[in-house]
Amino acid sequence: MVDTLVPDYVDAKKIFAHNALISGILPISRFTRFCELLENNSGNLHVSLQFHLDDNHRRIIDGEIEALVFVTCQRCLEPAQIRLAETFKLGIVETESHIARLPAEIDPWMVTDPKLVIADFLEEQLILAMPIVSYHSNRCETSLPAETAASFDQKSGMVIKSDKNSPFAILQKLKEPR
């Protein structure tokens, strides 16, 4: 992707009529709500946006974003760098009734202003791209205690129930009839 700055806004009528492609970067610090989720706001967001009209004359944005960001590891509470990468397809709609007409694979973006503020929908896409839980993939993935590590399912991210040393075993004994 090109290292030129993405414009703050574009004219909605012109950009779709010309089937324009915008490629470039935006500083992560530009996205204030997204930065609240991060350890620090350094780095850049790499963006590629294709504006076009589909066969039904709907205004569509096909986009790709990618960024390396620093988050707090949920296991060791140290900074961890993660890669966010997302592709999306947005349909520009002017009213809520138009949302129902969009195919399921196209996400709606309701816009009433003739100028599209690009950072607005990019920030939403960044927030959606964030993992639910962030951790060091090389260090904290295997740092669980031995009893738990044996019952930790890597695929689902869930701890599988184990009868060994259950902290609630004493409660089971209290429930048993005497």
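The values are calculated or read from the model by the stated rules, or taken from the named source; none is laboratory data. Predicted model only: the values in this text are computed from it and were never measured. Cβ sites come from the backbone with ideal geometry, for glycine too, and all protein chains shown count toward neighbours.
General observations
- The test for being outside any helix (DSSP H, G or I) and either modelled with pLDDT under 85 or within 19 Å of the chain's Cα centre (by Cα) (or both) holds for residue 105.
- Residue in region 160-168 that is surrounded by fewer than 11 Cβ atoms within 10 Å (Cβ to Cβ) and modelled with pLDDT of 70 or more present: yes
- A single entry from 81, 125 fulfils the requirement of being in the same structural domain as residue 26 (by TED's automatic domain parsing) and in a helix (DSSP H, G or I): 125.
- Test: residue in region 33-45 that is among the aromatic types (Phe, Trp, Tyr), closer than 25 Å to residue 77 by Cα, modelled with pLDDT of 90 or more and part of a loop (DSSP other than H, G, I, E, B): no
- Of all residues in region 46-58, those satisfying the criterion of being in a strand (DSSP E or B) and over 17 Å from residue 7 (Cβ atoms) are 52, 53.
- Search result, residues across region 68-100 that are surrounded by fewer than 18 Cβ atoms within 10 Å (Cβ to Cβ) and without any contact (Cβ under 8 Å) to a residue 24 or more places away in the chain: 77, 81, 83, 94, 95, 96, 97, 98, 99, 100
- Test: residue in region 79-91 that is out of contact with any Gly (no Cβ under 8 Å at 6 or more places or on another chain) and more than 30 Å from residue 40 (Cα to Cα): yes
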